Amino acid sequence: MPIARVALKTVLPYTVFASLWIVFSDKALERLGLVAEQMTTFSIVKGLFFVLVTSLLLLILIRGQLRAIIYSEEQLNSIISHLPDAIVLISKAREVIHVNEAAKTLFEIDSTANANLEMTKFFFNYCTYSLTHPEGGPIESAERASERALNGEIIRNMPSVLHLPSGKTIHLSVSAAPASMQENQIQTVALAIRDVSELRRLEGLRDEFLSNAAHDLKTPLSVIKTNTQLFHRLGEKWDSTKRTALLESTDRQCDKLTTLIEELLDSAASSEGMLRLNRSSFDLARMIREVSANLGAIAYPVNISVESPDRLEVFADQQRIERVLTNLLQNAVKYSKDTGEITVCLRAVASQARIEVRDTGIGISETDKHRVFERYFQGNARAHRQLGGMGLGLHLSRQIIEAHGGKMNYTSQLGVGSTFYFTLPLGGSPDYDNNR
Amino acid sequence: MTITADIVLVIEDDPSLAASMEMLLRAAQVEVLSAGNGLEALQLLEHHKPDLILLDMKMPIMDGWEFAKLFYQKYGHTIPIIVLTAAENAGKRAEEIQADDFVSKPFQIDELLKKLSRFVRVEIF
């Protein structure tokens, strides 16, 4: 019982002081040996003095307690106002009596206006017709977390979707509980509302990634399965050229599957910072010429040209760098228009090799710009599958380059083209930790 | 008297799978037309009238959904469509575009031929 304890703490010193005064003040007067008239005057002075001292004492005691109460309220307010979740306090009269900063920001409430009044209007008028279940359909008044909390329920993480007046749609997770009671009646309820839009977006990307990954793994698998069944049924009737062609095609599909699985494993390892590089010295100029020639053969009518010195030695993970290059070039082809020109440019700058892949493709829109290197991100959904891909390419490429101590970035102009570039440390450095 | 073979239009973006499908269908004595996406298929349909369409769903340029929409708009349900997809829930995909049947990738040759035989003459090999 904190109230009884606080009251006792205030009253007890007063009681002790008053009792001691009563007991000892009369004894002190007796000791003075005063005559009757003097005694009356002294008694009046003593009484007045008693009132004065005890009043002062009470003032000090009450002030101390009030200060403690105000301090703890300020502390609570400061915590609430700085919480990242939106906090809304609602009275049983369905009025908002407190909102924190996060709530004003989340619900786009004008902070210069009377926030409680604005929030009441927003919460009890606007939200009535703009709050929906995640799977669609409006949330009826009685279903709302605030109403259920006013009926004594404790709500944890109720999902809902809110369409804001600005046109923005946010996914919310709402928790609510009764906050204060009087005579067994709930007076106020507190709502903690969390914006889970980003989480939902990432979950969506992950689901899409899983579905794309399954699809991409099944495609080479379908070829392998069809080919083996065909071989089983018809192989004996075919000549050796046809048999060899079918087996070679099957073999290429196995390689495709292996690459997809390696990408998946690398992606998992890189997200835990566990990418293990297998470095050796090799000629990057030659690799660029080979990768460009291989892709150039199937990229028609897009043209790929190379600007590079004859040789440029780097100390890096050959297989993975080849994958990064292939990925950048595939993207350049994928997002090229029919008359596209792709230029791969290799230079030595200071102690680094700098590789640029320039295209004259569709470019990257402003909305996509900050997401390009995001895991699972797919630029243009319609272009997806043209050359395969699970949305891991650029994310993984950057992780691979960074694990080598290099940097990867890009510049792009919508409708004009994009340039992706990365750097790698030059030459063979045997001192370099092989397993960074 | 020679009986002309039925024609199947294969709409599939993966060139290796398209090649294997073609081999399979030829072995079943079916004539094959190939398109790498929905748009190519619509162009082919201006000059050819296949007896059946085998349709992949996820393709570049024009996917299976858009192809089906445009195809029904122009030709109605004149040619049966069998959806051939690696996506999960192939049946639902087929329902979405009002296709006549579906086959999930990877598939058994016998299962594919059995479904094909509902619409075209195939020789089980």
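Quick look at the numbers
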{"item": "Single condition B:His77 does not satisfy, out of (1) at pLDDT below 95; (2) within 14 Å of chain A (Cβ to nearest Cβ)", "result": "(2)"}
{"item": "Matching strands (runs of 3 or more DSSP E) fully within the stretch A:264-328 where at least 1 residues are among the polar types (S, T, N, Q) and under 14 Å from A:Leu424 (Cα atoms)", "result": "A:279-283"}
{"item": "Leading residue by the ranking (modelled with the highest pLDDT) among those in the stretch A:375-415 that are of a type in the set (D, E, K, R) and surrounded by 15 or more Cβ atoms within 10 Å (Cβ to Cβ)", "result": "A:Arg398"}
{"item": "Residues of the stretch B:57-99 satisfying the condition of being within 27 Å of A:Pro220 (Cβ to Cβ), part of a loop (DSSP other than H, G, I, E, B) and among the aliphatic types (A, V, I, L, M)", "result": "B:Met57, B:Met59, B:Ile61, B:Met62, B:Ala86, B:Ala87, B:Ile97, B:Ala99"}
{"item": "Tally, over the stretch B:14-37, of residues that are more than 9 Å from chain A (Cβ to nearest Cβ) and in a helix (DSSP H, G or I)", "result": "5"}
{"item": "Pairs, first in contact (Cβ under 8 Å) with a residue 24 or more places away in the chain and facing chain A (nearest Cβ under 9 Å) in the stretch B:48-67, second surrounded by fewer than 21 Cβ atoms within 10 Å (Cβ to Cβ) and of a type in the set (A, V, I, L, M, F, W, C), C-beta under 7 Å, six or more apart", "result": "B:Lys58/B:Ala87; B:Pro60/A:Ala383; B:Ile61/B:Leu39; B:Met62/B:Leu39"}
{"item": "Any hit, the stretch B:115-122, residues being touching an Asp or Glu at 6+ places or on another chain (Cβ under 8 Å) and outside any loop (DSSP other than H, G, I, E, B)", "result": "yes"}
{"item": "So A:Lys27, is it exposed (fewer than 10 other Cβ atoms within 10 Å of the Cβ) and either within 49 Å of the chain's Cα centre (by Cα) or without any contact (Cβ under 8 Å) to a residue 24 or more places away in the chain (or both)", "result": "yes"}
{"item": "Number of positions in the stretch A:46-79 that are at pLDDT 90 or above, more than 23 Å from A:Ala18 (Cβ to Cβ) and aliphatic (A, V, I, L, M)", "result": "2"}
{"item": "Failed criterion for A:Ile342 (all others in (1) more than 19 Å from A:Arg398 (Cβ to Cβ); (2) more than 14 Å from chain B (Cβ to nearest Cβ); (3) in a loop (DSSP other than H, G, I, E, B) hold)", "result": "(3)"}
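The values are calculated or read from the model by the stated rules, or taken from the named source; none is laboratory data. What you see is a predicted model, and the numbers here were worked out from it, not measured in a lab. With ideal geometry, Cβ positions are generated from the backbone for all residues, glycine too; neighbour counts draw on all protein chains shown.
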